[in-house]
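See below for the structure under consideration.
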Amino acid sequence: MYRTHTCGELRITDINTEITLTGWIQTIRKFGSITFIDLRDRYGITQLLFNEKLTQSLDKNPLGREFVLQVKGKVSERSNKNKNISTGDIEILVSEFKVLNSSAIPPFTIQDDTDGGDDLRMKYRFLDLRRNAIKKNIELRYAVSRAARNYLHQNNFIDIETPFLIKSTPEGARDFVVPSRMNAGEFYALPQSPQTFKQLLMVSGYDRYYQIVKCFRDEDLRADRQPEFTQIDCEMAFVEQEDILQMFEGMIKYIFKEVKNFEYASPLERMTWLDALRNYGNDKPDTRFEMKLANLKSPLQTSPDRGGLLSPGFKVFDEAESVLAISVSGCSDYSRKQTDELTEWVKRPQIGMKGLAFIKHNTDGTLKSSFDKFFNEEQLKQFSAFCDSKPGDLILILAGKEERTRKAISELRLYMADRLGFRKPDEFKLLWITDFPLFEYDEENNRWVARHHPFTSPKPEDIEVMINNDPAIENAEKYLEHPYAKIKANAYDMVLNGNEIGGGSIRIYQRELQEKMFAALGMSKEEAQHKFGFLLGAFEYGAPPHGGIAFGFDRLCAILGGSESIRDFIAFPKNNSGRDVMIDAPSTIDEKQLEELRIKLNLK
Ligand code: ASP
């Protein structure tokens with residue numbers, strides 16, 4: 001037997017027990033004629049005491065960090081107890097030891113606070129994974145997957161694998177393709193999600209399916225995306241939107257309870273897509289704090305036109321399509337330097353605004369704005385009342401094109417919340433967003449695109465609108481007036497702390513409607529048949545009404561772990577250029593492999 005216990009197991013109640021431990025050497029401290037060694041394994045750290053004689057033997061054959069050691073000895077009470085670790089009351093009086101393997105000097109320290117930079121840690125990921133900080137993330141990931149599986153199992157879902165080598169039907173992201181040797185000149189694609197397969201399983205009668213599954217999207221990697229990522233992918237037959245919302249509200253609460261021991265007691269808040277946009281500027285609002293937008297002027301406005309608040313003569317507001325504001329509490333005393341800093345922040349290319357206007361609602365009740373020339377006191381008062389500002393608030397105002405301004409103010413809202421510590425990692429706010437538009441308009445290609453995916457059903461009351469109207473857009477500028485722009489989808493997203501963690505829809509299940517959908521997206525009959533003939537065909541053999549959802553598993557784990565980065569929750573992640581720097585992938589392949597595939601490279 002290599003070991004009788006693990007390095008996290010022994011306690012004061014084990015005193016005088018003869019034990020054998022194995023593990024990695026974390027630290028070696030020589031203390032006069034004796035030596036202390038911290039031995040680490042997955043379960044913890046145990047202090048070893050090497051007596052004078054053993055210490056002498058170390059002089060001849062020194063041990064080093066990360067050596068793999070087996071020790072035999074007796075558990076003894078420690079005089080100098082360490083409250084920070086579970087084995088801190090004891091140490092092992094070592095009687096004999098054996099080096100099971102030596103180790104090269106590790107390129108960074110394998111401790112919670114490592115001195116290794118990101119690149120180095122990625123290259124030696126197998127060592128990084130030994131660190132407690134990463135290990136607890138990997139354990140949390142397993143806990144989340146276990147909880148999801150338990151819940152889904154209890155609710156009659158079955159886990160069914162779907163293929164990875166499928167047909168390329170790019171829609172949304174780019175496909176990763178895999179050449180087929182046996183069918184020269186032909187290619188498989190890796191699935192962006194098992195979407196069509198899970199729908200086919202509904203046609204097959206497996207009315208509750210799930211899979212914790214890898215998905216592949218060849219996207220330009222924005223920060224914190226991975227080309228391969230994991231989804232908790234689910235589908236149900238004979239359901240309406242409400243059934244899905246309740247089932248998966250149950251799942252997320254179960255996961256919170258199991259993983260965080262946290263009762264998310266209240267029902268998940270529900271918000272329409274339009275309300276989310278109006279009040280928070282985006283469709284995945286962080287509702288851990290309020291700071292709602294004031295729509296001073298906007299095409300999305302519900303309340304009466306607020307143009308009256310905007311003094312004629314101040315071009316910045318007069319000429320803007322949208323003027324949006326937030327009131328930030330406790331910032332009315334911002335100095336010139338601080339407001340200049342904020343102005344620079346909104347002018348960065350990522351945010352792309354021309355400038356920032358502001359009103360200080362001073363603690364004595366007076367108002368002072370960056371555009372005093374154009375507004376009298378009465379107007380500022382109206383402005384402040386409309387923005388619902390309180391003494392001590394700083395009202396920040398952005399003006400410009402609707403989409404950009406809305407995006408910018410929603411970023412600014414998060415930025416200010418970060419500065420003020422409103423986004424606490426241990427506080428959780430879940431909500432459902434519903435009533436998305438079915439279509440988005442792609443200005444570049446002058447066509448409609450599916451906002452979720454082409455299998456999403458319109459709301460029942462909008463089906464007629466879709467069937468009875470021609471998708472063609474005559475005046476691209478006025479696409480919002482086209483009946484298609486108003487069609488709502490039977491789709492929903494789950495949002496957690498400002499992140500979309502899940503999304504799904506009720507699906508189309510009749511061939512005619514699905515064909516109409518493909519046509520609306522600008523696909524010819526032949527193209528639809530070539531790409532999705534299998535699904536259209538299946539719909540002719542008794543497809544049941546169905547719908548589903550998929551959760552971004554990596555992101556969910558990261559948020560539950562209180563982290564911004566999904567990478568730390570994936571055992572072997574890729575870097576920002578999509579490379580695995582540890583195994584050095586992607587890499588070139590042999591001439592012979594290329595020949596077998598009958599592929600000629602054309603690298604220019
Ligand atoms: N397959 C969809 C996605 O990956 C989720 C769903 O509709 O179930 O976004």
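Some observations on this one:
- Residues being within 19 Å of residue 156 (Cβ to Cβ) and either open to solvent by 30 Å² or more (accessible area, probe 1.4 Å) or among the small types (Gly, Ala, Ser) (or both) - total across region 233-257: 9
- Residue in region 501-518 that is farthest from the chain's Cα centre (by Cα), counting only those that are open to solvent by 10 Å² or more (accessible area, probe 1.4 Å) and of a type in the set (A, V, I, L, M, F, W, C): 513
- Any hit, region 208-216, residues being more than 12 Å from the ligand (Cβ to nearest atom) and out of contact with any strand residue (DSSP E or B) (no Cβ under 6 Å at 6 or more places or on another chain): no
- Given (1) of a type in the set (Gly, Ala, Ser); (2) modelled with pLDDT under 95; (3) assigned to a loop (DSSP other than H, G, I, E, B); (4) open to solvent by less than 60 Å² (accessible area, probe 1.4 Å), number of the condition residue 88 does not satisfy: (2)
- Listed by position, the strands (runs of 3 or more DSSP E) contained in region 191-273 that have at least 2 residues being over 24 Å from residue 162 (Cα atoms) are 269-272.
- Qualifying residue in region 217-232 (condition: within 14 Å of the ligand (Cβ to nearest atom), of a type in the set (A, V, I, L, M) and open to solvent by less than 30 Å² (accessible area, probe 1.4 Å)): yes
Residue by residue, here is whether (1) among the hydroxyl-bearing types (Ser, Thr, Tyr); (2) in contact (Cβ under 8 Å) with a residue 60 or more places away in the chain; (3) within 16 Å of the ligand (Cβ to nearest atom) holds:
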| residue | (1), (2), (3) |
| --- | --- |
| 239 | no, yes, yes |
| 282 | no, yes, no |
| 289 | no, yes, no |
| 311 | yes, yes, no |
| 314 | no, yes, no |
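- Considering region 108-133, and only residues there that are touching a Gly at 6+ places or on another chain (Cβ under 8 Å) and part of a loop (DSSP other than H, G, I, E, B), the residue that is least open to solvent (accessible area, probe 1.4 Å) turns out to be 108.
- Search result, residues across region 482-500 that are of a type in the set (A, V, I, L, M) and open to solvent by 20 Å² or more (accessible area, probe 1.4 Å): 485
- Residue in region 355-365 that is assigned to a loop (DSSP other than H, G, I, E, B) and either among the hydrophobic types (A, V, I, L, M, F, W, C) or touching a Phe, Trp or Tyr at 6+ places or on another chain (Cβ under 8 Å) (or both) present: yes
- Being in contact with a strand residue (DSSP E or B) (Cβ under 6 Å, 6 or more places away or on another chain), under 30 Å from residue 586 (Cβ atoms) and of a type outside the set (D, E, K, R) holds for only one residue in 191, 163, and it is 191.
- Among the residues making up region 469-495, those that are in contact (Cβ under 8 Å) with a residue 60 or more places away in the chain, of a type outside the set (Ser, Thr, Tyr) and within 16 Å of the ligand (Cβ to nearest atom) are 490, 493, 494, 495.
- Test: residue 579 is without any contact (Cβ under 8 Å) to a residue 60 or more places away in the chain and within 23 Å of the chain's Cα centre (by Cα): yes
- Contact map, region 424-453: first residue at negative phi and of a type in the set (Lys, Arg), second residue within 16 Å of the ligand (Cβ to nearest atom) and open to solvent by 30 Å² or more (accessible area, probe 1.4 Å), Cβ cut-off under 8 Å, separation 6 or more or different chains; pairs are 451/440.
- In region 142-160, the condition of being within 30 Å of residue 595 (Cβ to Cβ), open to solvent by 20 Å² or more (accessible area, probe 1.4 Å), within 16 Å of the ligand (Cβ to nearest atom) and in a loop (DSSP other than H, G, I, E, B) is met by no residue.
- Total residues in region 123-165 satisfying the condition of being under 21 Å from the mean Cα position of the chain (by Cα), more than 12 Å from residue 571 (Cβ to Cβ) and not small (Gly, Ala, Ser): the figure is 5.
- Taking every residue in region 189-209 that is in contact (Cβ under 8 Å) with a residue 60 or more places away in the chain and within 16 Å of residue 508 (Cβ to Cβ) and pairing it with any residue that is within 14 Å of the ligand (Cβ to nearest atom) and of a type in the set (Phe, Trp, Tyr), at least 6 positions away or on another chain, the pairs with Cβ-Cβ distances below 6 Å are 198/209.
- Some residue of region 366-386 being surrounded by fewer than 19 Cβ atoms within 10 Å (Cβ to Cβ), of a type in the set (A, V, I, L, M, F, W, C) and in contact (Cβ under 8 Å) with a residue 60 or more places away in the chain: yes
- Number of residues in region 400-436 that are within 16 Å of the ligand (Cβ to nearest atom) and assigned to a strand (DSSP E or B): the value is 3.
- Test: residue in region 538-545 that is within 16 Å of the ligand (Cβ to nearest atom), more than 30 Å from residue 563 (Cα to Cα), open to solvent by 40 Å² or more (accessible area, probe 1.4 Å) and modelled with pLDDT of 95 or more: yes
- Residues in region 546-604 that are hydroxyl-bearing (Ser, Thr, Tyr) and open to solvent by less than 40 Å² (accessible area, probe 1.4 Å): 563, 565.
- So residue 232, is it over 18 Å from the mean Cα position of the chain (by Cα) and closer than 23 Å to residue 506 by Cα: no
The values are calculated or read from the model by the stated rules, or taken from the named source; none is laboratory data. Everything quoted here is computed from the prediction, not taken from an experiment. Because the Cβ atoms are built from the backbone with ideal geometry, glycine has one as well, and the counts that use them run over all protein chains shown. Quick note on the areas: whole protein, heavy atoms, side chains included, nothing else; ligands and nucleic acids left out. Shrake-Rupley method; radii C 1.70, N 1.55, O 1.52, S 1.80 Å.
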